[in-house]
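Single-structure report; data block below.
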Amino acid sequence: MPQPVPSPDAPRAGVRPDTPVRGPARPAPYVAAGVLIAIGIVLPLVVPIYARHEPELGGMPFFYWYQLLWVFIDAGLLYVAYVLMRKEDRRRRDVVRSQAAGHAAKHAAPGTDDAGDTGAVDGGAL
Amino acid sequence: MNAVQALPASLSLAVPADVPDASGHRSIAGGALVVVILLFLVVAAIGFLASRWRTSPEERGLHSLDEWGLGGRGFGSWVTWFLLGGDLYTAYTFVAVPAAMWATGAVSGFFAVPYTIVLYPIVFILMSRLWSVSRSHGYVTPADFVGGRYGGKVLSTAIAVTGIVATMPYIALQLVGMRAVLTVLGLGSGSNSFVNDLPLIIAFVVLAAYTYTGGLRAPALIAVVKDLLIYLAIVVAVIYLPSKFGGWGSIFDAADTKLSTTNPATHKPAGAIIPGMTSFNAYWTLALGSAMALFMYPHSITGVLATKSRNTIRRNAVVLPLYSLMLGFLALLGYVAIKAGTAPVDTNGKINAQLVVPQLFLDNFPSWFAGVALAAIAIGALVPAAIMSIAASNLFTRNIYRDLIKPDVTPRTEAKISKLVSLLVKVGALVFVLGMDQSSAINLQLLGGIWILQTFPAIVAGLYTRWFNKWALLVGWAAGMIYGTAAAYNVVNPATGNHFGGSIAAIPWTHTTVYIGVTAFVLNAVVAALGTLVLRAFKVRDTADSTRSTDYEVDEDDVRVQPVPEELRAELS
C-alpha cells in the first residue's frame, strides 16, 4: 500500500465540469408522486379520524385495524410513486446517455463497447 | 427502532398485589433453552462464515471500510430487506412495545405502528439522494457527508459525536432485550451474579468476534435467520392465541378493564386502549418525530449505504412496511398477555413489564416452539447490536480519528481501527448493562432519540440545499440538544419521582403536550434559519462545498461512481 490514499473528496481524475447525469424533468410524474407520498405521511397521523372504537372488525376496535390497514395503503402509494418516478428517471437518464453515446460515436472508434448504458456520460464529457 | 420513549413510565408501574408466585425464583426452562442454544450455535456459525460471503480470495480479511463496514456496498433488494428489517426492528422493540401496551396502553405503545408507517415515505424521499452523494464521494457515515457538504470539521464532528452518543445506549438496550429472554428461560436465578450474567457475556463475546471478522456481512446473513424465525413466531401466535383466549373482542375488553383501573399511586388510570383528546398531539408527534429520527441513526444509514443501487432503498421502502404489520400484531400481544393473565415476575420478585412477551410464549406454547420464539428475540438483539457497533466505530474512525488526528490514514488502517473500536463499543455496552441499573440505559436511549433528531436539519437540508450557514446549523443543533436534554430531565415520573420519566412535555408557554424531540427539532430548525439570515445580512461567507448538484442524482451506472472493489484492489496491490 505505497500510494497516498485519496480522501473521499480528493479530485476524482482531475477537476471535471459538473456534467448533467439526467435530462430535464417533466414535472407531472414528480408532482403526482409527491402528492401520493404526502398522503402517506399526513393521513396516518391525523389521530381524530381514527381514535374511536366503532366500527369494530372481528372484535378489534377501529383505532387498531385502521392503523394496521395503513401499512398496506402506504405500501401501495409508495409502489405507485416508485413506478412513476422510475419511468421518468429512466427517460431522463436515456436523454443524456443517448446524447453522450452519439457524441462519443462521432469522435471515437465505434463499436468498442455497448455505449449508451455504462460509462457513456463521462465518456461524452471527456 | 426507538420504541423506548414510553417505557420508563411502564417500568415504574405500581406492582399489582394479586400477582401469583411473586417469589421471583425461576427454574430453568429446559426444552426451550436447548432450542435457543442450538439456534444460537447455528447463527454463530453463519456469523463466522460471513467473511467468506461474496468476497473473492484476495479480498478476504476485509481491508477497507467499504468492505468491512458496508459489506462491499453491494447488497441487493433481498439482502437489504432482511438487513434493514433486522436493523430497525430490534430485540428491544420486540420486548418494549408489547411491554408498554401491557402496562399503559395505546399512546405509549401503539404509536410504534404509525411511526413505522410514515417512516417509509420519508425514507423514500431522502435516502436515494444520500446514497448517490455518498457513492460519488466514498462517504461511509452521515458525518462524512456533512463534512463534504459544509466543509470544516466542527459541524461534522458534532454530527459524529451525536451519532456515537445516541447509538451507545441503543446497543446497551439490545442487551437489556436479550436479558429479558434469558431471565424467562430461568438463567439468572442463581445466587452467583457472575454465573447469572455469563450467558449474556458469552453471547456478546461471540457476537463481537464474528462482527470483527465478518463486518456488516455477518449481521446481514444472520438477519435472514432472525427475520424468518420472528415471522414464524408471530404468525403462529397471532393465529393461535386469540382463539385460545376467546377472540380479539374479549382480549380488548380485558385490556380496557385493566388499563382503565385507577392506579393507587397516581390516582389516575394506567392508560387507555383508545387515546383521549389530550393525547392526540403526543401520539402523532411521537410517531412523526421517531420516524424522522430513525434514519438519522448511523446504523440505519449504514444499511442504506450498503445497498448496490440508488433505487434499492426505494424498492425496500415499498416492501419494508411488512415488518410494521408484524410489529403491530406483536404490540397487540401485550393485550393478549393481559387477557391470558401473564405474570412477568423478575428474579427480584418485582413486576418487570419487559418480560411479558417472552413469558407469554413460554406459558402458552410447547417448550420447543417457545424456544424458537425466544431465540428469535435473542438473535434479534445480535443483528442490530452488530450493525450499531459497526456504525459507531465507522464514525469514530472516519470523523474522529481521520478528520481530527491522522488525516492521511490508509483504508487498510481505517478498517483495522474500526474493527478494534467495534470490540471496545461492545465491551462498553456490556459493562454498562452489567454494572449499572438498566433504567440508566433506558433513560440514555430516550435522550438518544431526542439527540439524533437534532442532526436532521444539517443532514436533510444538506441533501437539497447549501443555503444554510454551517455555523447557524451548529448553533441550532446546540440549542436543540440543550433544550431537549433539559426538557427530558424535567419530566418527573409521578409514581417514583425520578427524572427522565418520559419523552412527552408541554411546548413551552403552552399546555399542548408533544414529543420533546419534535419541539427541540423545531427550535433547532428555526435557530438555524434565523442564524443563516443574520449571518447573510452581515455578509459572512460560507460557500465551501465539495459536492456538486449532480452528485445527488448519479446512479450505479454512472462512471464517475467508481466500483468499489476495483479501487480497493488498486490500493492493496
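The values are calculated or read from the model by the stated rules, or taken from the named source; none is laboratory data. What you see is a predicted model, and the numbers here were worked out from it, not measured in a lab. Because the Cβ atoms are built from the backbone with ideal geometry, glycine has one as well, and the counts that use them run over all protein chains shown.
Numerical summary
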{"read-out": "Breaking point among (1) within 14 Å of chain A (Cβ to nearest Cβ); (2) of a type outside the set (S, T, N, Q); (3) within 25 Å of residue A:20 (Cα to Cα); (4) assigned to a helix (DSSP H, G or I), for residue B:518", "value": "(3)"}
{"read-out": "Flag for residue B:98 being crowded, with 24+ Cβ neighbours inside 10 Å, at the interface with another protein chain (Cβ under 10 Å from one of its Cβ atoms) and in a helix (DSSP H, G or I)", "value": "no"}
{"read-out": "Residue that is over 30 Å from residue B:139 (Cα atoms) and within 12 Å of another protein chain (Cβ to nearest Cβ), where the choices are B:370, B:272, B:337, B:343", "value": "B:272"}
{"read-out": "Out of A:21, A:15, sole residue that is modelled with pLDDT of 50 or more and of a type in the set (A, V, I, L, M, F, W, C)", "value": "A:21"}
{"read-out": "Selection from region B:57-69 of residues that are on the phi < 0 side of the Ramachandran plot and more than 18 Å from the chain's Cα centre (by Cα)", "value": "B:57, B:58, B:59, B:60, B:63, B:64, B:65, B:66, B:67, B:68"}
{"read-out": "Verdict on residue B:76 being over 30 Å from residue A:66 (Cβ atoms), facing chain A (nearest Cβ under 9 Å) and either of a type in the set (Asp, Glu) or over 21 Å from the mean Cα position of the chain (by Cα) (or both)", "value": "no"}
{"read-out": "Residue satisfying all of: in region B:306-319; outside any helix (DSSP H, G or I) and surrounded by fewer than 24 Cβ atoms within 10 Å (Cβ to Cβ); nearest to the other protein chains (Cβ to nearest Cβ) among these", "value": "B:311"}
{"read-out": "Those residues of region B:241-269 which are aromatic (Phe, Trp, Tyr) and either free of Cβ contacts under 8 Å to residues at least 12 places away in the same chain or facing chain A (nearest Cβ under 9 Å) (or both), in sequence order", "value": "B:248, B:252"}
{"read-out": "Matching option when the condition is surrounded by fewer than 19 Cβ atoms within 10 Å (Cβ to Cβ), within 14 Å of chain A (Cβ to nearest Cβ) and either in contact with a Lys or Arg (Cβ under 9 Å, 6 or more places away or on another chain) or closer than 22 Å to residue B:158 by Cβ (or both), among B:555, B:551", "value": "B:555"}
{"read-out": "Residues being crowded, with 18+ Cβ neighbours inside 10 Å and either touching a strand residue (DSSP E or B) at 6+ places or on another chain (Cβ under 8 Å) or without any contact (Cβ under 8 Å) to a residue 60 or more places away in the chain (or both) - total across region B:514-548", "value": "6"}
{"read-out": "Lone unmet requirement of (1) closer than 30 Å to residue B:157 by Cβ; (2) assigned to a helix (DSSP H, G or I) for residue B:296", "value": "(2)"}
{"read-out": "Output for region B:526-573, where each listed residue is at pLDDT below 85 and closer than 30 Å to residue A:88 by Cα", "value": "B:557, B:558, B:559, B:560, B:561, B:562, B:563, B:564"}
{"read-out": "Subset of region A:32-47 [more than 7 Å from every other protein chain (Cβ to nearest Cβ) and in contact with a helix residue (DSSP H, G or I) (Cβ under 7 Å, 6 or more places away or on another chain)]", "value": "A:32, A:33, A:36, A:39"}
{"read-out": "Members of region B:460-492 found to be buried (at least 22 other Cβ atoms within 10 Å of the Cβ), out of contact with any Lys or Arg (no Cβ under 9 Å at 6 or more places or on another chain) and more than 13 Å from residue B:527 (Cα to Cα), listed by number", "value": "B:484, B:488"}
{"read-out": "Those residues of region B:373-405 which are within 14 Å of chain A (Cβ to nearest Cβ) and either at pLDDT below 90 or buried (at least 24 other Cβ atoms within 10 Å of the Cβ) (or both), in sequence order", "value": "B:394, B:397, B:398, B:399"}
{"read-out": "Every residue from region B:406-428 that is within 13 Å of chain A (Cβ to nearest Cβ), assigned to a helix (DSSP H, G or I) and polar (S, T, N, Q)", "value": "B:413"}
{"read-out": "Number of positions in region A:48-80 that are touching a residue at least 24 places away in the same chain (Cβ under 8 Å) and within 7 Å of chain B (Cβ to nearest Cβ)", "value": "3"}
{"read-out": "Residue B:372 vs. criteria more than 22 Å from residue B:430 (Cβ to Cβ) and under 20 Å from the mean Cα position of the chain (by Cα)", "value": "no"}
{"read-out": "Odd one out for residue B:106 among (1) more than 9 Å from chain A (Cβ to nearest Cβ); (2) hydrophobic (A, V, I, L, M, F, W, C); (3) more than 30 Å from residue B:67 (Cβ to Cβ)", "value": "(1)"}
{"read-out": "Some residue of region B:430-446 being buried (at least 24 other Cβ atoms within 10 Å of the Cβ) and within 25 Å of residue B:135 (Cα to Cα)", "value": "no"}
{"read-out": "Any hit, region B:127-135, residues being at negative phi, within 8 Å of another protein chain (Cβ to nearest Cβ), in contact (Cβ under 8 Å) with a residue 12 or more places away in the chain and in a helix (DSSP H, G or I)", "value": "no"}
{"read-out": "Unmet requirement for residue B:84, which otherwise passes all of (1) surrounded by fewer than 24 Cβ atoms within 10 Å (Cβ to Cβ); (2) assigned to a helix (DSSP H, G or I)", "value": "(1)"}
{"read-out": "Test: residue in region B:481-497 that is touching a residue at least 40 places away in the same chain (Cβ under 8 Å) and of a type in the set (Ser, Thr, Tyr)", "value": "yes"}
{"read-out": "Matching option when the condition is part of a helix (DSSP H, G or I), within 24 Å of residue B:445 (Cβ to Cβ), within 11 Å of chain A (Cβ to nearest Cβ) and in contact with a helix residue (DSSP H, G or I) (Cβ under 9 Å, 6 or more places away or on another chain), among B:165, B:146, B:123", "value": "B:123"}
{"read-out": "Residue match in region B:508-515 (condition: of a type in the set (A, V, I, L, M) and either in a strand (DSSP E or B) or at pLDDT 95 or above (or both))", "value": "yes"}
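Residues are listed down the side, and each one gets a yes or a no for (1) under 21 Å from residue B:100 (Cα atoms); (2) among the aromatic types (Phe, Trp, Tyr); (3) touching a helix residue (DSSP H, G or I) at 6+ places or on another chain (Cβ under 6 Å):
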| residue | (1), (2), (3) |
| --- | --- |
| B:469 | no, no, yes |
| B:474 | no, no, yes |
| B:478 | no, no, no |
| B:502 | yes, no, yes |
| B:507 | no, no, yes |
| B:510 | no, no, no |
| B:515 | yes, yes, yes |
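To keep it simple, each residue is scored yes or no on (1) within 21 Å of the chain's Cα centre (by Cα); (2) surrounded by 23 or more Cβ atoms within 10 Å (Cβ to Cβ); (3) of a type in the set (Asp, Glu); (4) under 22 Å from residue B:86 (Cβ atoms).
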site: B:239; (1), (2), (3), (4): no, no, no, no
site: B:259; (1), (2), (3), (4): no, no, no, no
site: B:267; (1), (2), (3), (4): no, no, no, no
site: B:272; (1), (2), (3), (4): no, no, no, no
site: B:284; (1), (2), (3), (4): yes, yes, no, no
site: B:292; (1), (2), (3), (4): yes, no, no, yes
site: B:339; (1), (2), (3), (4): no, no, no, no
